[in-house]
1. Here are some pairs, 203/278; 43/338; 203/230; 43/203; which of them have Cα atoms lying more than 24 Å apart in this structure?
2. Among 157, 239, rank each residue by its count of other Cβ atoms within 10 Å, from fewest to most, as a rough exposure measure.
3. Restricting things to Cα coordinates, could you compute the convex hull volume per residue of segment 175-357 in Å³?
4. Using only the Cα atoms of segment 181-278, what do you get for the radius of gyration and for Dmax, in Å?
5. Amide H of residue 124 versus every other amide H placed in the peptide plane: which residues, excluding those fewer than 5 positions away on the same chain, fall under 5 Å?
6. Where does each of 272, 183, 280, 117 land when they are ranked from fewest to most other beta-carbon atoms within 10 angstrom?
Amino acid sequence: MVRKVLTLGFVLAAGVVLLAQSSWTPVIITKVPGEGARTPEEKAVQEQLEASLADALVGLFPCAVPTTSADRAGEYGDARAQQSAGAGEAESLERMRAAAGAQDVVSVKVVSMNGQFVVDVAYMDMRSGRTQARSSGPIDGSAASIDRLAGDFAAKLQKVPGFDRMKGCAAERDWAGTIGYRFTAQPTSTSEKDGCKEDERSKENWSYTVRIPPAGQPTAVVAVTRILMKESNCVRRGLWCGTAAGPVDQERTHTETWQWIGAPRVDARVTFDEYDGKLFVSLDLPMIQTSLTVEGETKFSTPCDVSPGKPSQMETAAPIPARVPTFTPQTVRPGQRKISGSATDEAGGTITWRLTRTNRSR
């Protein structure tokens with residue numbers, strides 16, 4: 001059985017790493033009242049510590065699937081995107097509830113003091129109500145100090161009853177983590193042909209994060225909105241409409257708006273290959289199911305009269321190809337366990353990634 005891990009945290013309040021089994025119990029995490037405001041420095045250390053804890057758990061326990069508070073915020077965004085795209089409210093709330101469910105808790109606490117950060121990380125067995133593992137002490141907030149504390153805590157978990165079962169899984173891939181993609185474009189165009197002038201304006205947004213577990217299917221909620229607005233003006237000359245001036249020109253104006261909206265949860269295909277000190281990542285997504293709405297109106301006008309316009313509307317399901325980034329090969333040093341960063345692809349989209357080496361190749 002694959003156990004899932006949810007990593008959350010609050011400065012001056014108990015954050016959590018939630019170790020959930022297949023039957024999840026909803027858990028609400030709130031900041032402890034009256035503990036004071038979080039500083040930007042404390043928040044930065046908190047986020048880095050959560051990510052480092054998640055990476056350390058992946059390395060030692062392939063049955064664990066870490067989710068940080070940033071990932072949980074992404075799940076919340078996924079649920080909202082699905083609801084906006086037409087998924088039922090109950091389905092969206094259930095996804096958010098499932099993302100928060102847990103049985104066991106690892107609390108994370110960070111307090112700034114005298115230029116350093118005092119950190120306390122503790123695992124509590126919720127069945128017995130007892131703390132089974134703890135790592136605490138001052139750190140300077142550097143990445144090295146954060147990784148050392150996270151690694152020390154993960155090593156202590158190996159001695160906790162129950163965690164030995166989480167080592168029994170075999171990772172299916174050498175790397176796990178997340179790959180995010182954001183793309184926005186607003187192209188415009190104008191053309192003239194056969195007495196017609198056509199203007200096109202469009203706006204396209206893509207947003208998704210592919211979550212890649214050590215074992216199991218990578219998935220993503222792919223939120224997309226595409227709007228295309230067309231306007232054409234055509235002139236037909238030499239028409240009679242009873243004026244004393246003789247033949248007149250008729251102007252035809254046609255406006256049309258196409259809108260694709262979707263936020264389906266899809267299975268992703270992700271492959272990792274290492275060659276000559278480089279990590280090559282390939283990402284592919286299936287066709288994205290969207291709801292297409294087309295609205296239009298046509299008007300004719302001459303010196304004699306103006307038509308009231310003929311509106312039209314059509315709605316249908318429309319699958320569209322997903323925008324996927326091209327991942328630049330990353331340099332991997334011998335023994336390196338983490339790779340993270342961001343880049344801009346040729347289309348102008350933003351790629352972000354956080355990957356951790358699993359124990360598959362050890």
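1. Details: 203/278 36 Å; 43/338 21 Å; 203/230 12 Å; 43/203 35 Å.
Those over the limit are 203/278; 43/203.
2. Numbers: 157 23, 239 12.
Listed from fewest to most nearby Cβ atoms, that is 239, 157.
3. Numbers: hull volume 21.4 nm³, N = 183.
So the per-residue Cα hull volume is 117 Å³.
4. Rg then Dmax for segment 181-278, in Å: 24.6, 84.
5. For residue 124, the qualifying residues are 105, 106, 107, 132.
6. Details: 272 16, 183 19, 280 13, 117 24.
Exposure proxy ranking, most exposed first: 280, 272, 183, 117.
The numbers here are math on the coordinates, done by the rules we state, and not lab data. Keep in mind it's a predicted model, so treat the numbers as computed, not measured. Note: ideal-geometry Cβ built from the backbone for every residue, glycine included; neighbour counts use all protein chains shown.
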